[in-house]
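Notes to accompany the following structure.
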Amino acid sequence: MTSNASRYSRIAGTGSVLPPRRLTNDDLVRQLAERGIETSDDWIVERTGIRARHFVDPGVNSSDLAAQAARHALEAAGLEPAQIDLVIVATSTPDMVFPSVACLVQRKLGIHGGAAFDVQAVCSGFVYGLSIADAMIRAGSATRALVIGAEVFSRILDFNDRTTCVLFGDGAGAVVLEASERPGILTSELHADGRHADILCTPGTVAGGQVLGDPLLKMDGQAVFKLAVSVLAEVAHSVLAKAGRAEADIDWLIPHQANIRIMHSTARKLKLPADKVIVTVDQHGNTSAASIPLALDAGVRDGRIRRGDTLMLEGVGGGFTWGAVLIDF
């Protein structure tokens, strides 16, 4: 690199992992019936588009999934762990209070010395992490970064609440981001509005050796839906304008996989046909910060996403947070 002014970041490889335990809607319906909770496959599919999700087994944590996804991304990039000098993990379900999942991933991969930290922006976390890593690479403070989204949301679900427990799943996705003289990440934009903190939250905490408050996920579905539809289209248009690109330049929309209706609504506002949206929510459920990198890796590995394609990644999550990244892949 001749100067930081000509220093950019590009995605060198992608990877992902899903826990082997797969639960279809019918599996979940049977489990909920044992608790006296009534729902159905039709009810879930009609409202969300979800048909299945993956749950971790006991003893499997976010750092385990994150490390596996990272290994796949490193393999795809043709790199060794020792060549990574930055690890960012987006998660809302860390293994412990501290140290960070990123530090635990460092240990599992045998990486030493470079910066490692977690980003907590819930379902927008991967977009936040990617934007931060891009800024650090452009500034010259990192050369190759692992950006990972990893979640075990099954651990914080209220299985007495059919409106939320059917939505979420576990998994991890990762990318290797490396310095380049050619632009890869074109531009990004991040937002948050804490006035909406109560519409999607897990309000419990740990203090004095006890869990205080409610440690299970709470969501006002209608409020989240309305806000998500509004901000996702707005931030996508803003990112396009900053990059000097048009809606027609987007080859693939890779949104946070929360709800098929939100995703299709965003695509319509961007004048994109449904077949230009990478959809994994039907098989993965909502995997929070892992959903975008899981969908990205799925599209890369099945051959839909190719080098040179322009990608719009965007997410919205509790906080309330949202953001988008425009990428020349």
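The values are calculated or read from the model by the stated rules, or taken from the named source; none is laboratory data. Just so we're clear, the structure is a prediction, and the values are computed from it rather than from any experiment. Positions of Cβ are generated from backbone atoms using ideal geometry, with glycine treated the same way; all protein chains shown enter the neighbour counts. Keep in mind that these areas ignore ligands, DNA and RNA; they rest on the heavy atoms of the full protein, side chains included. Shrake-Rupley method; radii C 1.70, N 1.55, O 1.52, S 1.80 Å.
Taking all protein chains together and rolling a 1.4 Å probe, LYS218 ends up with roughly 70 Å² accessible. Between ALA73, ALA172, ALA116, the GNM of the chain built on Cα springs shorter than 10 angstrom shows ALA116 fluctuating the most. The lysines whose alpha-carbon is closer than 26 Å to the alpha-carbon of LYS218, local same-chain residues fewer than 8 away aside, are LYS226.
For the chain, relative contact order (Cα pairs under 8 Å, six or more residues apart, normalised by length) works out to 25 percent.
Taken over segment 62-116, the ratio of Cα radius of gyration to 2.2 N^0.38 Å equals 1.05. Simple rule: put +1 on each Lys or Arg Cβ and -1 on each Asp or Glu Cβ in the chain, find the dipole, and look at GLN31, GLY140, GLN68; the Cα lying farthest toward the positive end is GLY140. In angstrom, the C-alpha Rg and Dmax of segment 1-121 are 19.1, 65. Subtracting the Cα-Cα distance of ASP214 and GLN31 from their residue separation scaled by 0.36 nm leaves 63.6 nm.
What's the longest bit of the chain with no exposed GluC sites (Glu not before Pro), using DSSP loop states and at most 13 other Cβ atoms within 10 Å as the test? Spell out each step's value before the answer.
On the way: sites that count: GLU34, GLU38, GLU181.
Within the chain, the longest run free of exposed GluC sites (Glu not before Pro) spans 182-329.
Computed over every Cα-Cα pair of segment 78-174 and binned at 10 Å starting from 0, the pair-distance distribution P(r) comes out as 16, 44, 27, 10, 3 percent. The Rg/Rh ratio for segment 115-255 is 1.01, where Rg is the radius of gyration of the alpha carbons and Rh is the Kirkwood radius. Rolling a 1.4 Å probe over the protein chains gives ASP26 an accessible area of about 80 Å². Legend: residues MET136, MET312, MET96, sorted from most to least accessible area (1.4 Å probe; ligands, DNA and RNA excluded), read MET96, MET136, MET312.
What is the local net charge at ASP193, summed over the other residues whose Cβ is closer than 15 Å to its Cβ (Lys, Arg +1; Asp, Glu -1)? Could the numbers behind the result be given before it?
Numbers: positive: ARG195, LYS226; negative: GLU189, ASP198, ASP220, GLU234.
Around ASP193, the surrounding residues sum to -2.
Stokes-Einstein diffusion of segment 163-205 at 10 °C, 1.306 mPa s viscosity, Kirkwood radius from Cα pairs, rounded to a whole number: 103 µm²/s.
Largest mean-square fluctuation among ALA246, ALA76, ALA121, in a Gaussian network model of the chain whose springs join Cα atoms under 10 Å apart, belongs to ALA246. For segment 209-258, the equivalent ellipsoid derived from the alpha-carbon gyration tensor has semi-axes of 35, 13, 10 Å in decreasing order.
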